[in-house]
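Input: a single structure, listed below in structure tokens.
The values are calculated or read from the model by the stated rules, or taken from the named source; none is laboratory data. This structure is a prediction, so every number in the text was calculated from the model and none was measured. As a convention, Cβ positions derive from the backbone with ideal geometry for all residues, glycine included, and neighbour counts pool all protein chains shown.
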Amino acid sequence: MGITKETILNEITKVMHPEINHSLIELGIINNIEIIENKAQIIFAFPFPDIPIADVLIKSVENPIRNLGLQLSYNVRLMTEDEKNKYMIIESNFWKSGV
């Protein structure tokens with residue numbers, strides 16, 4: 001099939017957060033990618049539990065994965081304090097609403 005982790009990264013790097021002017025990768029939300037058979041296994045790291053748009057963010061990655069002929073399989077975890085601090089700096093500088 002020839003799909004590599006880099007191929008997946010190239011596709012999902014284009015997926016932007018709907019309220020922050022950065023990609024999910026730049027924000028550290030997409031944390032790890034593995035290819036297992038015909039599935040892209042992705043770990044999503046969120047800054048807080050129960051964020052209301054978690055499903056929206058996960059679904060936004062699903063179409064590019066399907067376009068590559070793969071299925072999306074995922075796990076969710078909370079960001080570490082360091083990851084969360086980096087996320088919060090980007091969020092505060094690039095939040096779209098109220099600009």
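Residue by residue through the range 67-82, note down the ones that are within 20 Å of V56 (Cβ to Cβ) and of a type in the set (D, E, K, R).
Hit for the range 67-82 is R77, nothing else.
Does the range 77-94 include one or more residues that are of a type in the set (F, W, Y), touching a residue at least 40 places away in the same chain (Cβ under 8 Å) and touching a strand residue (DSSP E or B) at 6+ places or on another chain (Cβ under 6 Å)?
yes
I need a count of the residues in the range 8-60 that are of a type in the set (S, T, N, Q) and within 19 Å of W95 (Cα to Cα).
The qualifying residues number 4.
Is there a residue in the range 1-21 that is modelled with pLDDT of 95 or more and among the polar types (S, T, N, Q)?
No, because not a single residue in the range 1-21 is modelled with pLDDT of 95 or more and among the polar types (S, T, N, Q).
Test of understanding: among S23, S60, which residue is of a type in the set (G, A, S) and within 23 Å of D82 (Cβ to Cβ)?
Answer to the check: S23.
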